[in-house]
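Quick notes on the structure that follows.
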Amino acid sequence: MQISGNGGTRNLAGILLGLQESDRSGAKSAAAQESKQDKQDQVQIAENAKEIQRLKELAEAEDPARKEKVARIEQAIAGGTYDVSGQTVADALIKHVLTDTVV
C-alpha cells in the first residue's frame with residue numbers, strides 16, 4: 001500500500017507537537033490556500049494486496065460440499081455408526097505431516 005499526497009512528515013511533526021501552520025509561517029494568501037485544497041491525498045493498493053484480499057474472501061466463504069460432509073459425519077457420530085480404521089487415521093496423519101514438512 002502506498003499513500004501519497006500533501007500531508008508529508010513536516011506537517012505530521014507540526015500536528016504531533018501541537019503547532020498550528022499559521023503560527024509557523026504566518027497567514028497565507030487565499031490563492032495558496034485554494035491550490036492546497038485542490039490537491040488530494042491518494043491511496044494505491046498493490047496488486048498483491050488485492051490478491052491476498054480475494055484469497056481471504058475465498059477462504060472465508062462457506063463450502064456447501066464440506067458443510068454437507070460435516071453434517072453426515074456428525075450424524076454418524078451421534079448415531080454411533082461412525083467407524084474409522086486405525087490404518088486410515090495413520091495414513092492421514094503421515095500424509096499431513098509430510099505435506100507440512102514439504103510446504
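Derivation of every value follows stated rules applied to the coordinates shown; laboratory data play no part. Bear in mind that the values here come from a model prediction, so they are computed numbers and not experimental data. No Cβ is skipped: glycine too gets one built from the backbone with ideal geometry, and neighbour counts run over all protein chains shown.
Brief remarks on what is shown
- Applying 0.36 nm per residue to the separation of Asp41 and Arg72 and subtracting their alpha-carbon distance, the gain on full extension is 5.8 nm.
- FRET efficiency, 1/(1 + (r/R0)^6) with R0 41 Å, evaluated for Ala90 and Ala59 via beta carbons: 0.90
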